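Colleague: If you scroll down you'll find the structure; I have some questions about it.
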2 protein chains.
Amino acid sequence: MTAVEKMTNSALGWEVLAEEGEARAGVLRTRRGRIETPVFMPVGTLGTVKGVRFEALESELDARIILANTYHLWLRPGPETVRACGGLHRFTGWPRALLTDSGGFQVWSLGHLRKLREEGVEFRSHVDGRACFLSPEVSMEVQAALGSDIVMAFDECAPGEAAREQARVSMELTARWARRSRARFDELQREGADAGRLAPTTEGDGREAAGSFARHASEGEDDDNAAASSLLGDAHLLSGEQALFGIVQGATHLDLRRESLERTVEVGFDGYAIGGLSVGEEKPLMYEVVEAVAPLMPRDRPRYLMGVGTPEDLLECVARGVDMFDCVLPTRNGRNGQAYTSRGRLNIRNARWAADPRPLDEECPCAVCRRHSRAYLRHLHATGEMLAAILLTHHNLAFFLDTMRRVRQAIRSGQFTRFRREFIGKLDSGAG
Amino acid sequence: MTAVEKMTNSALGWEVLAEEGEARAGVLRTRRGRIETPVFMPVGTLGTVKGVRFEALESELDARIILANTYHLWLRPGPETVRACGGLHRFTGWPRALLTDSGGFQVWSLGHLRKLREEGVEFRSHVDGRACFLSPEVSMEVQAALGSDIVMAFDECAPGEAAREQARVSMELTARWARRSRARFDELQREGADAGRLAPTTEGDGREAAGSFARHASEGEDDDNAAASSLLGDAHLLSGEQALFGIVQGATHLDLRRESLERTVEVGFDGYAIGGLSVGEEKPLMYEVVEAVAPLMPRDRPRYLMGVGTPEDLLECVARGVDMFDCVLPTRNGRNGQAYTSRGRLNIRNARWAADPRPLDEECPCAVCRRHSRAYLRHLHATGEMLAAILLTHHNLAFFLDTMRRVRQAIRSGQFTRFRREFIGKLDSGAG
């Protein structure tokens, strides 16, 4: 609890309230509410945290911010539709903060037949094989139309095991794209401000705007630039005030990571993310990169580790200075019958739970653990009932969010080191 | 509001509070709460109303009673498991009233290679093809182990278009099975009472009891009787106080229906159901049967029309004297993208909703209609998101249960005739 860092701009406020070692407890302020950090952001890929009603996210889980995927929403329902419906908050009915990623990671992990150029990346949609083109400019335009509270710069993600030369090329491209992201983002914000932050119309005809987001690559090779510099129409008018985060790349090469960080900070962002981790590399290597990079990231800006991780990962990376996390693990594994508990993971398929009256986690205060037995949850999973996925997802998110609440309390009361040791020790004790 | 009929026994209380024509508003009292009628019972086949958390059923939808299927629960997880977990209420975490059907209808609609005998019915499980045997005795034993508040007699369901002779044979078998159901049910209740309604143990080893419910038909032909008269072990000790309903069959032959009713009443039950309707016959024929049978059913007992129906069906059959309904339509159609609204059915797949900001039903006060647009729901359905099924099911149940609430108010205030006319007129006006 020594240094108190403060940052405010029109879209985002940030304050560090307490520190313990590298761990920080802080608060992010957005126009859609206050978010205490360290924070775990549930993933709402297509504008829905799979299997969870927004009422539960708000009242029971108290999630203050969720993530949505630009790539997925760009393909379906498309930014024209989201715009016609008044932006992603109004479209989905989620009134709290939203962070959108840039689409770069999904192009890398889901796109087919990718062709990477300086201008951007051409690929085929995983949904229907259509030719698509994504660039820093298009990503900024789509995220402006979505109207998320935190926008991510468009980056290129090298494989976890990328050799130095490949990782350097990728990192340098990411640095150039960061500048272009910043420039286009700033234009869009200015245009939005000049237009007086017009209220979105929900009566507009979405079809008129079709194609203005350059979702489809042009037929001719020479048209790439035209596609990349496509105009947004007036979709950016929905954007309101957004914050922009830059992304540090460089695979597992620490010198490249440091260089990437310097070049990203040089551009200047409202927050900084570590990308390109948890993509297959060994866990100690991931911790090493975070340990080397996070403490060098600006103290007066929030630090976001993308796509990480397990409960243990969260604690280990909080200890190394990270403030924000997102991951599909609690939701995806919930759908697959995996529960996270204070004593480690539990596979609900296991026959030993067939008549077990105990909750998933005897120490968990969530609604699922208060009402339902392992026996019932196993039965639901075994019979293919939707409620299995719904309840396991709910419990997992409750466990992740509650863990982060306890992490915040621990840091603020100077007990984080002990909390971390005890929490991780208990994870190994087994959920049997 | 003339006659006031009253019935009480140790398991069930019944009172008619108001009448308008044949329509009745009443109240059922069970040891797990008070149920105002006419009532719609959501279907919870495998111990879960598909896609709906119990918190929503209780707090938001205020469902007072749900139905579970004996056949399905008998196959999975099996009555041994439910018994080991303390009965269906404790197993599922649902504290309110439960009605279980007898399994007869599912054997008829789902079982393969059925062999019907006087003793019971042999068939192959739709889950794994195993040989199974179900009889009045086994059905009573399983329902005792489940511990439902209302137990249904084991009946034989003739096809909707059954010719007179086939329907007569089936009806007569049902009448003999009604006697056997009653006898075994009474034994089980007495044994439960003698045993002091022992609290169920949740520590027991479910495996010991395996096989005691005769789920599997014996290999040899001669063993049928042995299987049918299988002992229950001590599973019935869980049953507590249960009520038993008889079922009137006879397909669409009114004289057979009347005879079936007489013979069923002769046996004597806590309530009476009309079975074997909504199985493919024309709608006017269904209304004709209900109109001919319901008013003849004992006035001092609740009347239950099984497996019916659409919102229009509910009103038409309330008008003909029915008090209780169950149907998969709101849940199954919700999963298939069909919404019930005050202006008729709405298919959420329709491209015309792509950017439509309106709720499913502008007059509906449910949480889904308060928060979400047709555009968002269409997007969820189009992208295969679970939340589509969750939200449409929630809305549909809200619409059905709210409609029944309005039906009860209308009867109690003598406005039902007008309400029915206006409600049905509006259904035809279109949800566009």
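The values are calculated or read from the model by the stated rules, or taken from the named source; none is laboratory data. Every value quoted in this text rests on a predicted model; they were computed, and no experiment measured them. Every residue, glycine among them, receives a Cβ derived from its backbone with ideal geometry; neighbour counts consider all protein chains shown. Note: accessible area is taken over every heavy atom of the protein model, side chains too, but ligands, DNA and RNA are not part of it. Shrake-Rupley method; radii C 1.70, N 1.55, O 1.52, S 1.80 Å.
Colleague: Answer yes or no as to whether B:V328 is within 23 Å of B:A63 (Cα to Cα) and under 19 Å from the mean Cα position of the chain (by Cα).
Modeller: The answer is yes for B:V328.
Colleague: Quickly run through the range A:88-119 and pick out the residues that are touching a residue at least 60 places away in the same chain (Cβ under 8 Å), closer than 16 Å to A:T48 by Cα and in contact with a Ser or Thr (Cβ under 8 Å, 6 or more places away or on another chain).
Modeller: Within the range A:88-119, A:L88, A:R90, A:A97, A:L98, A:L99, A:D101 qualify.
Colleague: Mind listing whichever residues of the range A:100-115 are in a strand (DSSP E or B) and at pLDDT 95 or above?
Modeller: A:T100
A quick yes/no check of all residues on (1) touching a helix residue (DSSP H, G or I) at 6+ places or on another chain (Cβ under 6 Å); (2) at pLDDT 95 or above:
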| position | (1), (2) |
| --- | --- |
| B:R124 | no, no |
| B:E141 | no, yes |
| B:A153 | yes, yes |
| B:V169 | no, yes |
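Colleague: Picking from B:E118, B:E36, which residue would you name as being open to solvent by 10 Å² or more (accessible area, probe 1.4 Å), away from chain A (no Cβ under 14 Å), at negative phi and in a loop (DSSP other than H, G, I, E, B)?
Modeller: Of B:E118, B:E36, the one residue that is open to solvent by 10 Å² or more (accessible area, probe 1.4 Å), away from chain A (no Cβ under 14 Å), at negative phi and in a loop (DSSP other than H, G, I, E, B) is B:E118.
Colleague: From A:D313, A:D326, A:D300, which residue is closer than 16 Å to A:M41 by Cβ and out of contact with any helix residue (DSSP H, G or I) (no Cβ under 8 Å at 6 or more places or on another chain)?
Modeller: Being closer than 16 Å to A:M41 by Cβ and out of contact with any helix residue (DSSP H, G or I) (no Cβ under 8 Å at 6 or more places or on another chain) holds for just one of A:D313, A:D326, A:D300, which is A:D326.
Colleague: For the range B:16-32, give me each residue that is open to solvent by 30 Å² or more (accessible area, probe 1.4 Å) and at pLDDT below 95.
Modeller: Residues satisfying the conditions are B:R29, B:R31, B:R32.
Colleague: May I ask you to list the residues in the range A:47-67 that are at the interface with chain B (Cβ under 7 Å from one of its Cβ atoms), open to solvent by 10 Å² or more (accessible area, probe 1.4 Å) and under 18 Å from the mean Cα position of the chain (by Cα)?
Modeller: A:K50
Colleague: How do the pairs read when you match residues in the range B:412-432 that are on the phi > 0 side of the Ramachandran plot with residues anywhere that are surrounded by 12 or more Cβ atoms within 10 Å (Cβ to Cβ) and not in a loop (DSSP other than H, G, I, E, B), using Cβ under 6 Å and keeping only pairs 6 or more apart or on different chains?
Modeller: Pairs that qualify, where the first residue is on the phi > 0 side of the Ramachandran plot and the partner is surrounded by 12 or more Cβ atoms within 10 Å (Cβ to Cβ) and not in a loop (DSSP other than H, G, I, E, B), are B:G414/B:E20; B:G430/B:G344.
Colleague: Restricting attention to the range A:57-109, which residues are among the polar types (S, T, N, Q), closer than 21 Å to A:C327 by Cα and touching a helix residue (DSSP H, G or I) at 6+ places or on another chain (Cβ under 8 Å)?
Modeller: If the condition is that a residue be among the polar types (S, T, N, Q), closer than 21 Å to A:C327 by Cα and touching a helix residue (DSSP H, G or I) at 6+ places or on another chain (Cβ under 8 Å), then A:N69, A:T70, A:T92, A:T100, A:S102, A:Q106 are the ones that fit.
Colleague: Is it fair to say B:T201 is under 22 Å from the mean Cα position of the chain (by Cα) and either at pLDDT 95 or above or surrounded by fewer than 23 Cβ atoms within 10 Å (Cβ to Cβ) (or both)?
Modeller: The answer is no for B:T201.
Colleague: Considering only residues that are more than 9 Å from chain B (Cβ to nearest Cβ) and in contact with a Lys or Arg (Cβ under 6 Å, 6 or more places away or on another chain), look in the range A:76-115 and name the one that is least open to solvent (accessible area, probe 1.4 Å).
Modeller: Top of the filtered list is A:A97.
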